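One structure is given below, encoded as structure tokens.
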Amino acid sequence: MTISRRTLLAAAPVAAAALAAPSLARAQNAGRVVIIGGGFGGASAARFARDRFPALDVTLIEQNRTFTTCPYGNLVLAGRRTIESITFGYERLAARGVRVVHQRATAIDPQAKRVRLSDGAEVPYDRLVVSPGIDLRWGAIERYDQAASARMPHGWAPYVQPITVLERQLREMRQGGVFVMAIPDNPFRCPPGPYERISMVAEYFKRHNPRAKILALDAKNGFSKQPLFQDAWEELYPGMIEWRGASNDGRVTAVNPEALECVTEFRDRVRGDVVNVIPPQMAGQIARDAGLANASGWCPIKPATFESAQVSDIWVLGDATIAAPMPKSGFAASTQAKHAIACIAASLAGREPPPAVYFNTCYSHVGEDYGISIVGVFRGGERLTEVEGSGGISPRNSALPADRRAEFRRLEAIYADGWYDAITGEMFG
Amino acid sequence: MRIPSLAAAALLACGTAAAQVPDGALLGSACAGCHGVTGEGGHGIPSIRQMHGREHFVELMRAFRANERPNTVMGRIARGYTEAEIAALAAHFARAQ
């Protein structure tokens, strides 16, 4: 595709006029914006609001004093990162003028426009942003409850269970043992995450437990970046990884925690030395309690703004939302957050919301100097749609010239680390 | 080359078409996810701030779109944006501090 240079240049002055608009908006958009949840959605929203709309009064309600990212948790399993290196505090956001309140938000009153905190205090808002992340559906897999998760860790929600629980079990696993994973059906947090985890555990085994095996039991018949992951597994970890999809009886319906056993749909009993169960999920509790979720357990939003489709003056972000074809990823939450803040500022000033363009890049590490990615540009109108002809996954080996393959994978591994530093720097730096 | 006057552009922006005018700063906030808040780059990711004149930025994106320049993700990204959006991004990063 080619672009006419003339139309590009002609369009520029109009864009320059749009750049001048925020200063006008600043005088008009004063209002109280309260944000519940200090993860990728909430922290990005708070930072963007302070940078771009300084007249807004911004309060961030987050029960924890620190945030450990889900991304790069798999690199802790590989032994590449420490949990400290993926944990951040809210001091810098506070220094930027965000009022950070370390309390649990226990209720939302959308009529009175107030959020109740665990200490009984109430926080009034003009516009509310809810970015609550996920809750795990205990019991959706029979007998998989919080007690079972101590023996069979999920490692999928750092505020419920740190990744170090699973890390410790991996380090203590017997030589030549079997690592079993149960992977849920869509939708769930971080679609490529389980497969990056397989890769990072394999990297660890290759060095420290070379006879160990990995058996992944999946409730789906396909997964994100599948050809790239499977090519890499064959190349880097031949014979180590077996992946069983739903049509091959891969769906885990029950567990026996005492026996470290998964039970599949057709009653196959699979025992592991270490068993990682990633259970089905739903929107975080505060969103469900406030009537932001529908019967699916997830929150419908208006694709043009990310305002709740069910409750007015509340915006919902990130993994909690129904936003397909956007994935439940940190990057997606961050671009949703910025758009939502721009829409909130516009609504407070009585202006139309800006055109909705969302963006996502998800990198996965699959081995040393070996990264892969998926990219998407999305537009929101009546529906959320991915821009045709754009985005997609990294090229497969067969589509790359032999002399460029290694360099391509190496660059994507470097860019993955650059992405992590940039996005966490924006949130917490 | 004829460039419409700023006043004319401002009139356009204040009219009903205002919502359709790309917002370079908002669009550019997505680039921040990898290139940093001000496009400064780092950790192996190139800077897209200031060092590129507006035209150079547009030419780069055009080359990425057409896969005429080696890249990993930028071709897949550039093909998702309109010409007006790329122009707005170029203007934004030309000014970013």
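No value in this document is a laboratory result; all are computed from the given coordinates. Fair warning: this is a prediction, and the values are worked out from it, not measured in the lab. A quick note on method: Cβ atoms are made from the backbone with ideal geometry, for glycine too, and the neighbour counts reach across all protein chains shown.
Averaged over peptide B:86-94, the number of partner chain Cβ atoms lying within 10 Å of each residue's Cβ comes to 5.
Tilt of helix A:405-428 relative to the longest C-alpha principal axis of chain A, in degrees (0 to 90, nearest 10)? Long axis of A:405-428 versus the principal axis of chain A: about 50 degrees. For segment A:176-237, the percent of C-alpha pairs falling in each 5 Å distance bin, counted from 0 to the bin holding the largest distance, reads 4, 16, 30, 26, 15, 8, 1. Starting from a Cα-only point model with no solvent, please compute log10 I(q)/I(0) by Debye for segment B:23-95 at q = 0.22, 0.26 1/Å. Each listed q corresponds, in turn, to -0.99, -1.41. Averaging Cα coordinates gives a centre for segment B:32-97 and one for segment A:313-358; these two points are 22 Å apart. Starting from the Cα of B:Q50, step 7 Å toward the Cβ, then list every residue of segment A:41-84 with an amide N under 19 Å from that point. Taking a point 7 Å out along Cα→Cβ of B:Q50, no residue of segment A:41-84 has its backbone N under 19 Å.
I'd like the trypsin sites (Lys or Arg not before Pro) in segment A:302-386 restricted to DSSP loop residues with at most 16 other Cβ atoms within 10 Å, sorted by number.
Numbers: sites: A:K328, A:K338, A:R351, A:R379, A:R383; in loops: A:K328, A:R351, A:R383.
Here the trypsin sites (Lys or Arg not before Pro) that fit, given the DSSP loop and packing criteria, are A:R383.
Taking every DSSP beta bridge that has both residues in segment A:213-305, what percent is antiparallel when rounded to the nearest 5? Given both bridge residues lie in segment A:213-305, the antiparallel proportion sits at roughly 65 percent. Counting only DSSP H runs of at least 4 residues, each contributing -39500 (n - 2.57), and dividing by the residue count of chain A, the helix-based mean residue ellipticity at 222 nm comes to -9500 deg cm²/dmol.
Less than 5 angstrom separates the built amide H of A:A356 from those of A:G380, all sequence-distant by 5 or more or on a different chain. Seen against the Cα atoms of chain A and their longest principal axis, helix A:330-348 is set at about 10 degrees. Each DSSP beta bridge with both residues in chain A is either parallel or antiparallel, and the antiparallel ones are about 55%.
Among A:310-318, A:115-123, the peptide with the highest mean count of other Cβ atoms within 10 Å heads the list, and the full ranking is A:310-318, A:115-123. List the residues whose amide H sits under 5 Å from the amide H of A:T68, counting only those 5 or more places along or on another chain, with H placed 1.01 Å from N in the peptide plane. The answer is A:F88.
Highest mean first, the peptides A:65-71, A:384-390 sorted by other C-beta atoms within 10 Å per residue fall in the order A:65-71, A:384-390. Once backbone amide H atoms are built at 1.01 Å from N, A:Q281 has A:R137 as its partners under 5 Å, excluding neighbours fewer than 5 places away on the same chain.
With a cut-off of at most 15 other beta carbons within 10 Å, and DSSP calling the residue loop, which GluC sites (Glu not before Pro) in segment A:256-304 qualify? Please list them.
Values: sites: A:E258, A:E261, A:E265; in loops: A:E265.
Here the GluC sites (Glu not before Pro) that fit, given the DSSP loop and packing criteria, are A:E265.
Reported value for chain A: 153 Å³ per residue, from the convex hull of its C-alpha atoms. Legend: mean number of C-beta atoms from other chains within 10 angstrom of residue C-beta atoms, peptide A:330-342, equals 3. Each of A:D403 and A:S85 was given a label point 7 Å from its Cα along the Cα-to-Cβ line. The distance between the two points is 3.4 nm.
For segment A:137-281, the pair-distance distribution built from all alpha carbon pairs, in bins 5 Å wide starting at 0, is 2, 10, 22, 24, 23, 15, 5, 0 percent. Taking the Cβ of A:R137 as the center, what net charge do the other residues with Cβ under 14 Å away carry, scoring Lys and Arg +1 and Asp and Glu -1? Its environment carries a net charge of -2.
Going by the alpha-carbon gyration tensor, a ≥ b ≥ c the square roots of its eigenvalues, is segment A:352-392 rounded (a/c under 1.5) or, if a/c is not under 1.5, prolate (a/b greater than b/c) versus oblate? Because a/c hits 1.5 or more and a/b exceeds b/c, segment A:352-392 counts as prolate.
Each residue, A:D249 and A:A112, gets one label point 7 Å from its Cα in the Cβ direction; the gap between the two is 5.7 nm.
Report, as an integer, the average count of C-beta atoms from other chains found within 10 Å of each Cβ along A:399-408.
1
Taking every lysine pair in the protein assembly as shown that is 8 or more places apart or spans two chains, those with Cα atoms closer than 25 Å amount to 9. Between helix A:193-208 and chain A there is an angle of about 40 degrees, using the helix long axis and the longest principal axis of the Cα atoms. Considering only beta bridges that DSSP places wholly inside segment A:137-281, some 30 percent are antiparallel.
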